[in-house]
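Heads up: the structure comes next, in structure tokens.
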Amino acid sequence: MLANRDEKRKLGLVRRSLGRIVNVMFTPARSFPGKEVADGGRLIGGLMDSVKRGRRRADGRFRFHEDGGFDLVASAFLHGISVLELERRLDEKRRQTARIAYVCFALGWVSFGAWLWRAATMPWTVGHILPAVEFAPFCLIFFLAAFQSALRNYQIRMRRAVTVWEYLKANDFWPG
């Protein structure tokens with residue numbers, strides 16, 4: 001009788017332990033938001049259907065002359081606005097791209113300065129080098145965003161499509 005009770009207790013302990021292990025293994029499956037994922041999939045499918053069925057927008061691209069200059073008359077016509085309104089919007093966009101270029105350029109220098117300060121003052125151990133190296137691309141992103149905005153600004157000022165090399169060789173490099 002005593003051996004039988006010990007065997008039952010051992011068997012109960014094993015069952016409880018296995019039950020707990022199985023419970024831990026299936027916890028991620030129970031916590032997976034299957035209903036929310038399915039609802040999100042149906043929403044995306046519905047949005048895709050409405051986009052496919054929806055009315056076609058007018059061609060919103062800019063038109064260019066053979067020499068690469070903006071065709072303001074054709075572009076204004078395609079956008080459904082007057083040439084004067086298109087020129088006003090281009091001027092507004094030129095000012096906006098200049099602001100974005102200067103802000104991104106400043107943020108690039110601030111983040112580079114912070115990165116340089118951190119790199120100069122931190123102890124050079126394995127645990128500190130990896131975060132310093134991982135932060136460097138953020139500095140580059142700000143400078144690239146500034147360059148892209150400055151290039152767009154230059155294209156709007158020149159009223160023609162220019163290449164990156166043409167922009168880099170230009171005398172009036174800074175956005176205005």
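Please treat every number below as a calculation from the coordinates, not as lab data. As the structure is a prediction and not an experimental result, all values here were calculated from the model. Reconstructed Cβ throughout: ideal geometry from the backbone, glycine too, with neighbour counts over all protein chains shown.
Here are the numbers:
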{"quantity": "Label-point separation in nm, residue 135 to residue 102, each point 7 Å along Cα→Cβ", "calculated": "2.8"}
{"quantity": "Within-13-Å neighbourhood charge of residue 82 [Cβ basis; K, R +1; D, E -1]", "calculated": "0"}
{"quantity": "Amide H contacts of residue 63 (H built 1.01 Å from N, under 5 Å, at least 5 apart or other chain)", "calculated": "71, 75"}
{"quantity": "Estimated distance in nm for a label pair at residue 82 and residue 120, the labels positioned 7 Å out from Cα along Cα-to-Cβ", "calculated": "5.7"}
{"quantity": "Residue exposure sequence - 82, 50, 149 - by fewest surrounding Cβ within 10 Å", "calculated": "50, 82, 149"}
{"quantity": "Relative packing of 130-139, 93-102, 106-115, 39-48, which averages over residues the other C-beta atoms within 10 Å, highest first", "calculated": "93-102, 106-115, 130-139, 39-48"}
{"quantity": "Ranking of 67, 172 by count of other Cβ atoms within 10 Å, fewest first", "calculated": "67, 172"}
{"quantity": "Amide H contacts under 5 Å for residue 160, placed H, 5+ residues apart", "calculated": "70"}
{"quantity": "Residue 160 paired with residue 35, simple spin-label distance in nm, labels 7 Å along Cα-to-beta-carbon", "calculated": "6.3"}
{"quantity": "Loop-resident sites, segment 145-176, for trypsin sites (Lys or Arg not before Pro), counting at most 16 other Cβ within 10 Å (DSSP)", "calculated": "159"}
{"quantity": "Separation of alpha-carbon centers, segment 144-174 and segment 66-88, rounded to whole Å", "calculated": "20"}
